[in-house]
Amino acid sequence: MITFKSDNVKDEADVRLADSPARPGFQVWPWLFVLIVVVLTAFIRYRLLDLPLERDEGEYACAGQLLLHGVPPYQQVWNMTLPGTYLACALGMAAFGQTAAGIHATLIVVNCLTIVLLFLLGQRLFGPTAGMAACAAYGVLSVSPAVLGLAAHADDFVVFFALWGALALWKAEEFYRWHAMFFSGLFFGLAFLMEQQGICFCLFAPAIVVWHAIQTGTISKPVFLQKLFFLATGMVFPFLLVCLYLNQTGVLSKFLFWTFTYAGSYATENTAREGLHNFLQDAHKKWTICFPYLGFVVVSLPFIMRDRALRGQIIFAAAFLFFSAVGMAIGFDFREHYLILILPALAILVGLAIVSLQFATANKAFKIVPPVVCVLILGWSIFQQRQFFFELPANTVSRMIYAGDAPFADMPTVGDYIRDHSAPVASIAVIGSDPELYFYAQRRPATGYISTYPLMQRQPYAAQMQAEMVSEIQTNKPEYLVFVTNPGSWHMQPGCDRSIFSWFVRYSSASYERVAVLDQVTSDKALFISGARLKNYHPAGRNYIGVFKRKAGT
């Protein structure tokens, strides 16, 4: 990709990337290693295929399920997620079934393909050894509960397309063809379509093109503008197609409000000080599994920095890391799964660290040390998480990961009850942020507010949203109301409008009767009470879910 001023440096890079002399069958071994990584991560995920859905997964599953029934995004469910993840989950459920297992089978496919792409990119940049180390590091980190890696998040789809785009971009800069640059932009555009944070990878691509043009002295030549044109055309193409489709279905204005107007307000809600607090809190408590890899890279930095032979590749990887970190930091929330955005870049740097450390020593005996250290780190990571990966059943894993947040493991029981006691055409309303209940019940929402987080935030539309949700529920008269008391389902911020709670008490008392309760007694125990047992029953825990059925004649 890079034209170096010194021929001897270029020759050195050629030698460095040729890990060993070509011989029959040698290239099979890296792929066998990749296969082992893919099989291991796929096994871990397959063993937990029935892991109960959490809230984000519930949103994607609910919207994807409606898509399969011909309902376009933002017509019956509203949230700030861009529609790419909804479509990806819909395609996955069409192939694997409309179940939690179907969602997680989709994740298996995406995760395995991401591992392969990471190997290809690492190999292209720094050689087979780096590619193998990168895919192994990402494979282990991507399934870690520390980043909520066992659940399907939009971030998983973002990095899949971002890696595809990065690999295509590197090839397009090495051997420029207009269609290669277009497809690179297309993949980055799809990364953005999965989630707003994908925009950072769309910024990464032109930054690399500009940097390469400066290095090669072509920034004033027509080819530079051609590259930017085809790259930008590819990026905007998926978004324009989606806008045309949503405009045709009459939901374009709703889409733009939720994914840009409201999302912009949400992203600027936290101050930098609050963001630093969130980062330190999560880093201290939840991301410790990533620190050994980061430490390995930091120790290797002096050797990486003086590696002139791979200067162009190092700058490419560093830029990928920078824009990944920016994507993770958008909104200053630093939720666990946001770290997934930075894992591919971190994994590539792990591979680079091994290659640079090996090159720094002339002693062949010492060249084995960096890979061994990496293997030890990988082994330690797997050992530390062995209970999640190989031992505990799916429901227990869910309770341990989300202890105190919500009884996700027991949500299917609530959904099954509603589905068994209502007609397929019935609608329900969940007062809380647990859209997985709509998916389990297989009943359509009576309100577009499948998540109540926006109603409790410090943003200018909160009161309007509460009034709209109340109006929709009273107009559509759902057969069932589900009220969630768990604080994790609300995330109420100081000074937020809480009038929806007093409305619910009045409305449910007048028009509904309580027919079931899911009582989260402890973090690992929940009781589902219905029928005659419900009479005079009072929840033992402060976190419970009440199921209310509409009274006849109301």
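Take segment 144-158 and flag every residue that is buried (at least 24 other Cβ atoms within 10 Å of the Cβ) and out of contact with any His (no Cβ under 9 Å at 6 or more places or on another chain).
Those that are buried (at least 24 other Cβ atoms within 10 Å of the Cβ) and out of contact with any His (no Cβ under 9 Å at 6 or more places or on another chain): Ser144, Phe157, Val158.
Report, by residue number, each residue of segment 317-352 that is aromatic (Phe, Trp, Tyr) and at pLDDT 95 or above.
Phe320, Phe322, Phe323
Would you pick out the residues in segment 469-506 that are assigned to a loop (DSSP other than H, G, I, E, B) and under 17 Å from Arg458 (Cα atoms)?
Answer for segment 469-506, where residues must be assigned to a loop (DSSP other than H, G, I, E, B) and under 17 Å from Arg458 (Cα atoms): Trp490, His491, Met492, Gln493, Pro494, Gly495, Cys496, Asp497, Arg498.
Find the helices (runs of 4 or more DSSP H) located wholly in segment 340-442 whose residues include 2 or more that are surrounded by fewer than 21 Cβ atoms within 10 Å (Cβ to Cβ) and of a type in the set (Asp, Glu), and list them.
In segment 340-442, the matching helices (runs of 4 or more DSSP H) lie at 411-420.
Failed condition for Asp282, given (1) modelled with pLDDT of 85 or more; (2) under 30 Å from Gln384 (Cβ atoms), with all others met?
So the condition that Asp282 fails would be (1).
Mind listing just one residue for me: the one in segment 419-465 that is among the polar types (S, T, N, Q) and more than 23 Å from the chain's Cα centre (by Cα) and, of those, nearest to Leu66 (Cα to Cα)?
Gln442
Among the residues of segment 58-76, what is the count of those that are crowded, with 24+ Cβ neighbours inside 10 Å and not aromatic (Phe, Trp, Tyr)?
Qualifying residue count for the region: 7.
Just the residues that are more than 30 Å from Arg458 (Cα to Cα), hydroxyl-bearing (Ser, Thr, Tyr) and assigned to a helix (DSSP H, G or I), please, taken from segment 221-271.
Within segment 221-271, Thr233, Tyr245 qualify.
Would you confirm whether any residue within segment 49-66 is among the small types (Gly, Ala, Ser), assigned by TED's automatic domain parsing to the domain that holds Ala134 and farther than 19 Å from Glu195 by Cα?
no
Looking only at residues that are among the small types (Gly, Ala, Ser) and part of a strand (DSSP E or B) in segment 527-554, which one is surrounded by the fewest Cβ atoms within 10 Å (Cβ to Cβ)?
The selected residue is Ser530.
Using beta carbons and a limit of 6 Å, which pairs, at least six apart or on different chains, have the first residue in segment 408-426 and in contact (Cβ under 8 Å) with a residue 12 or more places away in the chain and the second one acidic (Asp, Glu)?
Phe408/Glu54; Met411/Glu436; Ser422/Glu479; Ala426/Glu479
Please count how many residues of segment 44-78 are on the phi < 0 side of the Ramachandran plot and either among the β-branched types (Val, Ile, Thr) or part of a loop (DSSP other than H, G, I, E, B) (or both).
The number of residues fulfilling the criteria is 16.
So if I check each of Gln466, Gln474, which one is among the polar types (S, T, N, Q) and either in contact with a His (Cβ under 9 Å, 6 or more places away or on another chain) or buried (at least 17 other Cβ atoms within 10 Å of the Cβ) (or both)?
Residue meeting the stated conditions: Gln466.
Go through (1) surrounded by fewer than 24 Cβ atoms within 10 Å (Cβ to Cβ); (2) under 28 Å from Gln442 (Cα atoms) for Cys112 and report which single condition fails.
Of (1) surrounded by fewer than 24 Cβ atoms within 10 Å (Cβ to Cβ); (2) under 28 Å from Gln442 (Cα atoms), only one is false for Cys112: (2).
So that you can scan it fast, the table gives a plain yes or no per residue for (1) of a type outside the set (Asp, Glu); (2) in contact (Cβ under 8 Å) with a residue 12 or more places away in the chain; (3) closer than 28 Å to Gln493 by Cα; (4) outside the structural domain of Gln215 (by TED's automatic domain parsing):
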{"residue": "Glu274", "(1), (2), (3), (4)": "no, yes, yes, no"}
{"residue": "Ile304", "(1), (2), (3), (4)": "yes, yes, no, no"}
{"residue": "Ala325", "(1), (2), (3), (4)": "yes, yes, yes, no"}
{"residue": "Ala345", "(1), (2), (3), (4)": "yes, yes, no, no"}
{"residue": "Val355", "(1), (2), (3), (4)": "yes, yes, no, no"}
{"residue": "Phe366", "(1), (2), (3), (4)": "yes, no, no, no"}
{"residue": "Leu376", "(1), (2), (3), (4)": "yes, no, no, no"}
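The values are calculated or read from the model by the stated rules, or taken from the named source; none is laboratory data. Bear in mind that the values here come from a model prediction, so they are computed numbers and not experimental data. When we count neighbours, we look across all protein chains shown, and the Cβ atoms used for this are built from the backbone with ideal geometry, even at glycine.
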